[in-house]
Amino acid sequence: MASRRVALNQTSLICRSLNSTRPALRQWPRFIGTSGRDDVAGRRRGGAGRFFAGLLVAFAAGGGVVLYNSLTQPPPKPREATIEYEKARPIAESKEDNRDIISSQHLQVKKSWEHPGVYAWGANSGGVAAPDSTDQSVKTPRRMPYFDGQLLRDMKLDRDFGAAVTEKGDLVQWGAAFSEDRKPVETLKGKDLIKLEISRDRIIALGRSGSVYSVPVAKSDQSAGEKTHQSSWLSFWSQPERITYRQLKPRNLGWDERIVDISSGLDHALLLTSRGRVFSAASSTSNFPSLGQMGIPGLTWTTRPKGPYDEPQEILGLKGFKIAKVAAGDYHSLALDTDGRVFVFGDNTSGQLGFEVEPQIPYVDGPIPLPFNKIYSGSGLQPRVTSIAAGGANSFFTVDAKRIAGLKEDADSIKDLGRITADAWACGSGIWGSLGTGKWTHVSLGPTKIKPLSGLYEWDENTNSVIPIRLARLSVGSSHAAAVMDNVTSVDISSANTDNETNWGADILFWGGNEHYQLGTGKRNNIPIPTYIDPLDGGEGDEAKGRRGEHHRFQITPRTTVRLGEGGKGRKVSVEQRVECGRFVTAVYSGT
C-alpha cells in the first residue's frame, strides 16, 4: 500500500503540473488578437487555441493513466540464479596424486624435476627455438629434444644461433649461423665453463679457473686458423684443440686475482675481477666498439693501443670503487659497486644511461654515476641499488628503499625506521613496451618505476612477518624481458605432510616486444606491462588431472636439492629452472 500511495502522489503531481499550464494556453490567442484584426478573427484564433490546448490536456491525461498503471503494477519476478558447482575431480590414487589434482603449481614443480630439459619459443628462422622444425616462429613453449634429461650451467640465445654450457662444462652450439643443419653440437670441451655471453659473431665463455675464451659462432671459422695446444699434466705431452678460439687475458692481474663475471654487448665485453676491478675488450670481429661502451675516453679503432685488437683494458674511471656486478646492453654498459652506487657509460640515444638525451652528446665514453638519491629525494626513503641488468637499448635497476626519519644534512640524526620497499626501475627505449611501465616510450628522460613489480609485500609464515617481494632475477633480451619474483615458495613437501599441502614455485612475468612470439602468449601483440603466461606444457598436465579449460599461470621452480626422474628415484642434484631472454627468442632450462 505504501508503494501504491507514493505512486498516486507522483501521478497527482504530474497532473497538477500539466493543469498549471492551461491559463497560459488560453491567454496566448488573446495576445495575438491585439494586432488590429477584427474580433471575429480573434475569436477564430481563440477557438483554435482552445482546441489545441484541450488536445494537449487529453494527451497528458492519457499519459498520466499509462504512468499510473506502470507505477502500480508489481515488478516482474527475477529469474532464478543458476548455481554452477565445481566440476568433479578425478579420484586420487595416492597422496601425491591428490596434490597433483588440487594444484597446478604442484604439478609443474614435480614435472620440472621428473623431466628436466629445455623449453624454447620465439623466432625460429635460424633454427634456434626448434632446430628440427622449419616453422619460422614457435608461438608457445616447445621442448628441445636434444636437451631432454640434461642440466645446463648456462644458455644464451640469438635469432640465428644458440649456445649452452653442459653440466660438465662443455660448450654446445646450434642454429643456422653455426652450421647449415642447425643441430646442436659440442664444440669447446674440457674448459670447465660456468658462464656464457654472446656478441654479434662470437661467444664469450668464462671458465671456473677465471680464463675467458672468445669462440667464433660459425663452425667454418672454428675449423680455420691455427689451433692452440691443450697441455696435459704431463709437461712433455700436449695435443691440438679441436677448434680455433682466442683468450681474453688482462695483463696486470694480481697473483690471486681472477675473472669472476662477464657480460657482453654486440661489440664489447666487460670482465669483472675478484678484486672488484673492471676490464673491457672488443668482443666482435666485425665491428670495433666506438660508442663509449668500453668506458675508456677517446678509444676508437685508430687510437687503440698496440697489441691484439681484443686485448682487455682496465676501466680506470672505476678505479677506487669495488665493483660487484657488470651488465652490458647492445652499445652501453652498467657497473654496480658494493655500496649500491651505479655507474653508466656508452650509447645514450634512447636514454638507456638513465638521463635525458642530448643530441650534441649521443654517448658518454667514461663512467659517470647515476644518482638514485635524487630520484628518491623528498620521499623519506634512502635508496640502495641491489642489482642491475641490461639488454638491447634498455637498463634495469632493483632498489631497496629504506624508510628513514631525520635531517638530510645531518647523517647522525637519521633514524632507520626498519621498513624496506623493494622497487624496480627501467630506462631506455620503450617503443615495443620493453620498459614494462605500461607506456610506449621512444626515449626515456630518466629511470621510470615499474609499478607492477614495485612496493610488493607478502606474509612469511616462517618469520611471522610482512616482507618485501624483491626480484630474484631479471633476464633482458633485445626487445623483451622477464622477471622472476623472490616470493615465498614451497619445494620441500614430502610424505610426512598432509594430503592437501603442496609445492609451488616463484612467479615469473614477461613483457615487451612480441613480434616473433617471444613472450610465449601464443599471440603476436606487444605487451607493455609484466604479464603471466600459461604453463610450459600448454595445459596438458592440468587437463590430465581434470582441469581441462581452466587457466593457470606458469611458475618457475626455485633451487632445491632433489632426486631427478619419475618418482624421485634418480640421482641427487641441486637444480632450478632459469629463464633466458635473447634476441627475439626465449627459453626456460633446468640449471645446475
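Before moving on, here are some points about what is shown:
- Pick from region 107-139, criterion in a loop (DSSP other than H, G, I, E, B) and in contact with a Phe, Trp or Tyr (Cβ under 8 Å, 6 or more places away or on another chain), ranking: surrounded by the most Cβ atoms within 10 Å (Cβ to Cβ): Ala129
- Pairs with Cβ under 7 Å, 6+ apart, first in region 547-563 and assigned to a strand (DSSP E or B), second basic (Lys, Arg): Thr561/Lys572; Arg563/Lys569; Arg563/Arg571; Arg563/Lys572
- Any hit, region 297-307, residues being crowded, with 19+ Cβ neighbours inside 10 Å, of a type outside the set (Gly, Ala, Ser), closer than 22 Å to Lys168 by Cβ and at pLDDT below 95: no
- Answer from Val573, Val579 - the residue that is part of a strand (DSSP E or B) and surrounded by 21 or more Cβ atoms within 10 Å (Cβ to Cβ): Val579
- The residues on offer are Ile431, Ile404, Ile469, Ile414, and the sole one that is in contact with a Leu (Cβ under 9 Å, 6 or more places away or on another chain), at pLDDT 95 or above and either closer than 24 Å to Asp339 by Cβ or β-branched (Val, Ile, Thr) (or both) is Ile469.
- Hits in region 345-364 (condition: surrounded by fewer than 13 Cβ atoms within 10 Å (Cβ to Cβ), acidic (Asp, Glu) and in a strand (DSSP E or B)): Glu358
- A single member of Pro367, Pro452 is in contact with a strand residue (DSSP E or B) (Cβ under 7 Å, 6 or more places away or on another chain), at pLDDT 95 or above and in a helix (DSSP H, G or I), and it is Pro452.
- Residue within region 302-320 that is of a type in the set (Val, Ile, Thr) and more than 32 Å from the chain's Cα centre (by Cα) present: yes
- Among residues of region 122-133 that are aromatic (Phe, Trp, Tyr), none has a Cβ under 8 angstrom from a residue that is assigned to a strand (DSSP E or B) at a sequence gap of 6+ or on a separate chain.
- Lone unmet requirement of (1) crowded, with 23+ Cβ neighbours inside 10 Å; (2) out of contact with any helix residue (DSSP H, G or I) (no Cβ under 9 Å at 6 or more places or on another chain); (3) among the hydrophobic types (A, V, I, L, M, F, W, C) for Phe147: (1)
- Residue ID - farthest from the chain's Cα centre (by Cα), chosen from residues in region 321-338 that are crowded, with 21+ Cβ neighbours inside 10 Å and part of a loop (DSSP other than H, G, I, E, B): Tyr331
- Region 258-289, subset polar (S, T, N, Q) and surrounded by fewer than 19 Cβ atoms within 10 Å (Cβ to Cβ), residue modelled with the highest pLDDT: Ser274
- Residue identified as over 26 Å from Asn348 (Cα atoms) and hydroxyl-bearing (Ser, Thr, Tyr) among Ser444, Ser465, Ser454, Ser478: Ser465
- Residue check for Ala61: assigned to a helix (DSSP H, G or I), outside the structural domain of Pro535 (by TED's automatic domain parsing) and at pLDDT below 95: yes
- Among residues of region 435-466, those that are surrounded by 12 or more Cβ atoms within 10 Å (Cβ to Cβ) and without any contact (Cβ under 8 Å) to a residue 12 or more places away in the chain, counted: 0
- Residue ID - surrounded by the most Cβ atoms within 10 Å (Cβ to Cβ), chosen from residues in region 168-197 that are assigned to a loop (DSSP other than H, G, I, E, B) and of a type in the set (A, V, I, L, M, F, W, C): Phe178
- One residue stands out in region 235-257 among those that are part of a loop (DSSP other than H, G, I, E, B) and among the basic types (Lys, Arg): the one that is modelled with the lowest pLDDT, namely Arg242.
- Residue in region 487-494 that is in contact with a helix residue (DSSP H, G or I) (Cβ under 7 Å, 6 or more places away or on another chain), surrounded by fewer than 20 Cβ atoms within 10 Å (Cβ to Cβ), of a type in the set (Asp, Glu) and in the same structural domain as Val357 (by TED's automatic domain parsing) present: no
The values are calculated or read from the model by the stated rules, or taken from the named source; none is laboratory data. Predicted model only: the values in this text are computed from it and were never measured. Please note: Cβ atoms are built from the backbone with ideal geometry, for glycine as well, and neighbour counts cover all protein chains shown.
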